[in-house]
Amino acid sequence: MSRPLSVLIVEDEVLLAVELGFLVREAGCVEVGHALDSADAVRLAKVLKPDIALVDVHLSDGPTGVDAAREIAERAGAIVLFMTANVKRLPDDLAGACGVIGKPYSDRAVRRALTFLARCLQDGAAPGPPPPGLALSDSFVGRWGVEQMAQAV
Amino acid sequence: MTIVDAQAPDLPIVFVNDAFLNMTGYRRDEVLGRNCRFLQGPDTEGPVVKALAQAINKGEATNQDLLNYRKDGTPFWNALQISPVRNAAGLIVYYIGSQVDVTARKAAEAALEAAAAEQARTAQQALADRTALLHEVDHRVKNNLQLITSLLVLQTRRTLDDATRAALQSMLSRVSAIATVHRRLFQSHDLERFDVATFIRDLMGDVSSGREEVDIRLDLERVDIAAAQAAPLALAVNELVDNAFKHGLTPGRPGRLRIQVRRLNGHYVIEVCDDGPGLPENGVFEPGFGLTITNLLAQQLRATLQFEAGEPGLRAILKLPAHG
C-alpha cells in the first residue's frame, strides 16, 4: 500500500472547510492543513508540501485564489483542484490547476473526485474518464492520458 | 451668392451679393478677383474640397456641406450649391455659387449624434452592470447553497438517532437537487430554459455512486422547460427517485431503476420505474412527507402524478403540459 495523499484545504468558509476535512478523510486522504487567505495558503503549501491543494477562488483576503493556486502549483509542487462557485472567472489554463469542482458540490462528487485524483497521482495515469462533477484542465487531460481513454471507449 | 469667371485662370470671383458679405464678414473689395478657397481653413474637410474640384473639372453642378471661415476666423457650415452657366456655344462661362449658413442644423445633428452615442454608452454600461450583478448574485446563491449543504452534512454526521438522520438526509437530498438546478441554470447559455435530461443525469450521478448494486437505465429525450419550473420539477423528480431507492430498491439487492423522459401529445412525461414490491395491496400509499410534497409540486406544475403497477415494481408517472 502506498501512503495516503496529503491534502491542504484553502477555503475561507470555515464550515465548508470542516466538512471538506471529513470528505478528505473519507476518501482515504489526510488533511495536513487549512488556510483562510492566500498568503497562508502559499506559506503552508511550501512548508507542508501537500500532494493536493483544494483551493477556493474567493478567500478572506479577496479573489486571490487564482494567484495562490498558480504559486502553489508552480512553486510548491502540489496538484491544485479549484472548488469554486465562480467557474466562469477562472483563466483558460486554470492557473496550473488540474481541474475544478463547481459549487455547490455534493459530498459524493468531492469524494469521487478525490478518489480519482489519488489514482491519477499514484499511477501517473487516469483510471478512467473523470467522474461527474469534476472538470479537468486541458494540460492534465494530456498528462493523465484521459484523451486517449475517451477515444478508446 | 457668388459668380466666378470660368474662363479666367483660377476662377476669380466677379460678383458677390450683400448676403454673402454679411455671412462672411468681408468687404466687397476684399473678395472680388479671388478664388473662393480663401473661405477654407484648418478644419475644412479635404475630401469635400476634392469633390467640389472634381465637379468643377467635369463641368457639373454640385451640392456640398463644407466648413468655411469668416474674416474674423469663426467657422460656419456652408451648404454650398454650384451650378455652371453655359453660353450659346455650350462653353461654361460662369459658375454661380449659392451659400446658406447651416451651422445651427449641423450643431443640432452633432448634438443628436452625441446624444445617441451617449445613450448607447449608457445602455452598454447598464448591461455590463446588470451582467456583473447577475454574476455576483449567482455566486452568492451558489455559495449559500453550498453552506446549507455542508451544514446539513455536518449535522448528519453528528446525529446518532436513525430517524433524525434519515430526515436530515432527505433534506440534504432536496437541497442538493435545488443546488444541482442552480449549477445547471447558470452554466447554460440560455438562462430562461432548463434541460431536464441533463439535470436527471447529474442527479443520478450523485445518487447512484452510493448504490452500485442498482442497475440504472436512463432513457432521456432532450426536454427544455421554463427556468421558473426547474426547481419544483427537480424536487418532484428527486422525491420519486428517492422513493424508489427507499421503498423499491432495498440495499444490497441488485435491483433495477429506469428513468424515462419523453414528449407525448403536448406533454412531457417523466417515468421513474423500480422493480421492488410495487403498489400496496389496497393501491393506496401511506401519505408520507415525500409524497405530500410531490403532490403539491405536481399541482404547482399543473402536472398529474400517477402510480401504476410496473412489471414488476412501481411505475411513477409525472405528466406535465409542454409549453413551446
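Shielding value for A:82-88 is 5, the average number of Cβ atoms from other chains within 10 Å of each residue's Cβ.
Taking the longest Cα principal axis of chain A as reference, the axis of helix A:107-123 is set at about 70 degrees. Value of Rg to Rh for region B:78-154, rounded to two decimals, is 1.69; Kirkwood radius and Rg both from alpha-carbon coordinates. The overall shape of region B:110-229, judged from the alpha-carbon gyration tensor, is oblate: a/c is not under 1.5, and a/b is no greater than b/c.
Phi-derived couplings, Karplus 6.51 cos²θ - 1.76 cosθ + 1.60 at θ = phi - 60°, listed residue by residue for region A:27-33: 7, x, 9, 10, 7, 9, x Hz, with x used for Gly and Pro. So what is the relative contact order for region A:6-152, in percent, with contacts set as C-alpha pairs under 8 Å and at least six apart? This gives 19 percent for region A:6-152. Relative to the longest principal axis of the Cα atoms of chain A, helix A:65-75 runs at roughly 70 degrees. Take each peptide in B:226-238, B:66-78, B:112-124, count the other Cβ atoms within 10 Å of every residue, and average; sorted highest first, the result is B:226-238, B:66-78, B:112-124.
Using the Karplus relation 6.51 cos²θ - 1.76 cosθ + 1.60 with θ = phi - 60°, the per-residue 3J(HN,Hα) values for region B:81-98 come to 10, 10, 10, x, 10, 9, 8, 4, 7, x, 7, 6, 9, 9, 10, 9, x, 10 Hz, with x marking Gly and Pro. Across the alpha-carbon set of region B:1-126, the Rg to Rh ratio works out to 1.10, Rh being the Kirkwood radius.
Packing around the peptides B:239-246, B:140-147, taken as the average count of other Cβ atoms within 10 Å per residue, puts them in this order, highest first: B:239-246, B:140-147. Taking label positions 7 Å along the Cα-Cβ direction at both residue B:120 and residue B:65, the computed distance is 1.7 nm, reported to one decimal. Taking 7 Å steps out from each Cα toward its Cβ at residue A:135 and residue B:51 produces label points 5.2 nm apart. A cut-off of 5 Å between modelled amide H atoms, ignoring neighbours fewer than 5 places along the same chain, links residue B:6 with B:94, B:95.
Once the Kirkwood radius over Cα pairs is known for region A:6-152, the Stokes-Einstein relation at 20 °C and 1.002 mPa s delivers a diffusion coefficient of 144 µm²/s.
In whole angstrom, region B:187-258 maps to an equivalent ellipsoid with semi-axes of 26, 12, 9, each derived as √(5λ) from the alpha carbon gyration tensor and ordered largest first. For the peptide A:14-20, the mean number of other protein chain Cβ atoms found within 10 angstrom of a residue's Cβ is 4. Based on the alpha-carbon gyration tensor of region A:67-141 and its eigenvalue square roots a ≥ b ≥ c, which shape applies: rounded if a/c is under 1.5, prolate if not and a/b is larger than b/c, or oblate? Here region A:67-141 falls in the oblate category. Relative contact order of region A:42-84: 51 percent, from C-alpha pairs under 8 Å at least 6 residues apart in sequence.
Positive contributions from Lys and Arg (+1) and negative ones from Asp and Glu (-1), summed over other residues with Cβ under 9 Å from the Cβ of residue A:27, come out at +2. Its relative contact order, with pairs defined as Cα atoms under 8 Å and 6+ residues apart, puts region B:2-101 at 27 percent. For the protein assembly as shown, the Cα-based Rg and Dmax, in that order, read 37.9, 118 Å.
Against chain B, whose longest principal axis comes from its Cα atoms, helix B:227-243 is set at around 20 degrees.
Note on region B:191-321: semi-axes of the ellipsoid equivalent to its C-alpha gyration tensor, largest first and rounded to whole Å, are 23, 18, 13. Note on region B:227-285: Rg/Rh from C-alpha atoms, Kirkwood Rh, equals 1.03.
Each peptide among B:301-311, A:53-63, B:46-56 gets the average number of other Cβ atoms lying within 10 Å of its residues, and from highest to lowest they stand as A:53-63, B:301-311, B:46-56. Each residue of region B:52-69 is assigned a 3J(HN,Hα), and the resulting list reads 4, 4, 4, 4, 5, 4, 8, x, 9, 6, 8, 10, 9, 8, 9, 7, 10, 10 Hz, derived from the Karplus form 6.51 cos²θ - 1.76 cosθ + 1.60 (θ = phi - 60°), x at Gly and Pro. Near the amide H of residue B:267, within less than 5 Å, lie the amide hydrogens of B:322, all on another chain or at least 5 residues away, with H placed in the peptide plane.
When the Gaussian network model of chain B links Cα atoms closer than 10 Å, the mean-square fluctuations of B:207, B:102, B:137 top out at B:102.
Remark: mean inter-chain Cβ contacts per residue of B:199-206 equal 3, using a 10 Å Cβ-Cβ cutoff to other protein chain atoms. Other residues lying with their Cβ under 12 Å from the Cβ of residue A:115 contribute a combined charge of +3, Lys and Arg counting +1, Asp and Glu -1. In this structure the amide hydrogen of residue B:15, modeled in the peptide plane, comes within under 5 Å of the amide hydrogens of B:3, none closer than 5 places in sequence on its chain.
Laboratory data are not the source of any read-out in this text; all were calculated from the coordinates shown. This is a predicted model, so every value here is computed, not measured. With ideal geometry, Cβ positions are generated from the backbone for all residues, glycine too; neighbour counts draw on all protein chains shown.
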